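Everything on this sheet refers to the single structure shown next.
The values are calculated or read from the model by the stated rules, or taken from the named source; none is laboratory data. Remember, predicted model here, so these are calculated numbers, not experimental data. Cβ atoms come from the backbone with ideal geometry, glycine included; neighbour counts cover every protein chain shown.
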Amino acid sequence: MNPPSPSPGAPPPAPSPKGGPPRALLVGIGAAVLVVVALVAFLLGRGTSGPAKAPDAQGPSASSGASGSGQGSVLQALPPAPGKPGQLEVPTEPVRPAVWVDVYAPGKVREALAGNPWLKEQLQKPLGKGFVGGWAAFLDTRGEELGGSFKGAVFDIMAGQFLAAPFRMVWYSGEYRAGTPAIIVPEPGNATMAAFDSMSGVVRRSVLVASSCPGGEGEVPSEGFTLQRWLIAEQSLWAARTDDKLVFGRHPAVVLQGLCELHLDLEPPQGVDVELGFAPEPLGREAQLLTHVMGVANGIRLQFAVEGNRLVGRGISGPVADEPRLDSAPLSDELLKLVPEETPVLLALQLKLPEQLDRDSLKAFWSGKGSAVPLRTRQVAMVWTPRGDPALPTEVALLWGRPEDAAALGQLFSGPNAMQSATLCGHHVLASTQDVLARLRKACEGKGPNMLNAASPVVQGLRAPGSVSFGVNTGRLLGMLMADGYWSQVTPVDSSKPRPRAAPPEIEEARRDLETLPYMGLRGTVDGSRLVPGGFGS
């Protein structure tokens with residue numbers, strides 16, 4: 001996203017980052033966790049029903065591994081066993097965890113997703129098969145076909161043993177970002193270690209050795225770290241172990257980063273099965289600025305739990321600064337009326353700011369010297385429609401609950417990225433495009449569904465007192481991203497050829513199936529020095 005640049009009266013700039021994920025991750029971090037959890041849950045859920053028959057694959061090794069046609073054919077298709085280990089080129093810059101997902105109850109998540117009717121149905125459709133892609137043959141290959149001492153599908157070993165204990169998926173910042181996470185199992189147990197060694201003896205195809213950690217930070221054994229490339233059915237996975245952890249990843253660099261992590265203590269909060277955390281500094285200036293404005297400290301978490309066969313939001317938890325800049329209040333009906341019901345991402349804050357938003361008051365406030373400045377709570381919301389094609393325009397709007405601040409906001413957001421403005425439903429609105437503003441106006445005037453027309457539990461959750469509320473229309477978000485991704489590959493936005501009126505039937509069916517997914521809401525309410533979590537959804 002390219003938000004308007006603030007003027008000198010705006011919050012002080014955060015330190016310039018040395019790299020991080022794309023800017024869109026800031027606002028979409030809650031949406032990202034849904035995709036991540038879906039991935040984890042999918043992988044954990046497939047094994048309970050036994051290995052499914054893999055789709056036809058091109059090439060002898062893939063088809064042999066998937067079809068179970070005999071041990072000999074699979075072994076003949078595998079490359080030679082590894083020779084002399086190679087040396088891994090270690091990044092010179094230190095890396096930091098940027099975003100991570102802690103799965104505290106893998107078995108519980110696995111059972112829930114295995115019993116989820118929607119997921120089981122999708123696994124038999126193009127949507128689910130496309131999601132698995134070339135990994136179906138990898139996961140469905142059996143130990144008997146590989147000539148290993150273990151029995152059953154590779155997936156059963158991965159999910160039933162390697163990922164049976166609590167684990168973390170983590171994305172790193174730094175000069176080398178592979179775009180994929182490391183999966184760290186900090187306390188695997190002796191049986192899991194033995195299973196790892198058994199698997200390694202059969203599928204290890206090459207070995208790299210690292211004698212240091214990125215940037216020279218972290219403890220390294222005297223013999224260095226050994227990273228193994230596992231190859232099954234033409235799909236490769238990097239794996240490594242130490243005395244107290246297992247690490248997996250698609251790229252050796254992220255596996256090394258996981259090996260260099262300090263020991264993880266994955267103790268779950270009460271009633272929480274899955275948790276997402278993030279570190280503002282590695283994420284970049286936007287994340288640092290947002291957390292500074294909110295007055296929250298490092299350690300903010302988005303929490304989820306398993307109820308029956310569903311994953312539900314538990315809320316937003318974490319510490320806040322000594323002098324919180326967040327108040328607690330319900331979202332007004334005027335705001336809910338202004339937000340279109342189909343909005344994929346909604347972030348709402350109850351911000352304490354100076355009564356007058358002039359330059360001197362704001363400067364004193366942001367520097368921590370504004371204790372004598374009269375404060376007023378402002379209801380502020382950001383609505384965002386992420387798009388799956390970077391060529392499409394940014395679709396975001398800022399909804400400010402005090403129209404009297406319009407002139408001051410015009411000065412604060414006076415950068416080169418011009419915004420469309422209007423006063424709607426008692427809010428001053430700054431929108432990235434005329435189309436976004438038109439959608440808001442239509443919702444406000446009752447000419448289109450707004451959040452007051454959403455499912456009753458969602459409306460009740462948004463009306464409950466809170467300091468920060470985060471809502472994700474999961475179905476709308478994922479359906480739009482999938483459709484945009486398809487069209488971006490078929491007819492780019494800048495193409496002179498008009499788009500067809502309809503996507504192929506399987507794409508339309510996948511979009512409709514995704515749009516049946518529920519709304520998920522997370523809330524955090526300031527109580528002393530912490531945010532008390534609360535969740536809601538459809």
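Structure summary
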read-out: Cβ pairs under 8 Å, 6+ apart, first in the stretch 387-409 and free of Cβ contacts under 8 Å to residues at least 24 places away in the same chain, second part of a strand (DSSP E or B) and surrounded by 14 or more Cβ atoms within 10 Å (Cβ to Cβ); value: A406/W400; A406/S421; A406/H428
read-out: Residue check, S222 of a type in the set (S, T, Y), under 27 Å from the mean Cα position of the chain (by Cα), farther than 29 Å from K108 by Cβ and surrounded by fewer than 19 Cβ atoms within 10 Å (Cβ to Cβ); value: no
read-out: Residues within the stretch 396-415 that are in contact with a Pro (Cβ under 8 Å, 6 or more places away or on another chain), within 30 Å of L481 (Cβ to Cβ) and not hydrophobic (A, V, I, L, M, F, W, C), tallied; value: 1
read-out: Any hit, the stretch 449-457, residues being modelled with pLDDT under 95, polar (S, T, N, Q) and assigned to a strand (DSSP E or B); value: no
read-out: Unique match (being in contact with a strand residue (DSSP E or B) (Cβ under 7 Å, 6 or more places away or on another chain) and at pLDDT below 80) among G130, G83, G134; value: G134
read-out: Members of the stretch 360-393 that are farther than 23 Å from L440 by Cα and either in contact with a Ser or Thr (Cβ under 8 Å, 6 or more places away or on another chain) or buried (at least 20 other Cβ atoms within 10 Å of the Cβ) (or both); value: L362, G370, V373
read-out: Answer residue from the stretch 331-348, given it is under 12 Å from G471 (Cα atoms) and assigned to a strand (DSSP E or B) and is nearest to the chain's Cα centre (by Cα) among those; value: V345
read-out: S328 being more than 18 Å from the chain's Cα centre (by Cα) and either of a type in the set (A, V, I, L, M) or within 30 Å of V526 (Cβ to Cβ) (or both); value: yes
read-out: Unmet requirement for I507, which otherwise passes all of (1) farther than 30 Å from L412 by Cα; (2) at pLDDT 85 or above; (3) in a helix (DSSP H, G or I); (4) in contact with a helix residue (DSSP H, G or I) (Cβ under 9 Å, 6 or more places away or on another chain); value: (2)
read-out: Index of the failed condition, D484 passing every other in (1) under 19 Å from the mean Cα position of the chain (by Cα); (2) outside any loop (DSSP other than H, G, I, E, B); (3) under 30 Å from V296 (Cβ atoms); value: (3)
read-out: Options A422, A438, A364, A406: the member that is in a strand (DSSP E or B) and either touching a Leu at 6+ places or on another chain (Cβ under 9 Å) or assigned by TED's automatic domain parsing to the domain that holds G479 (or both); value: A422
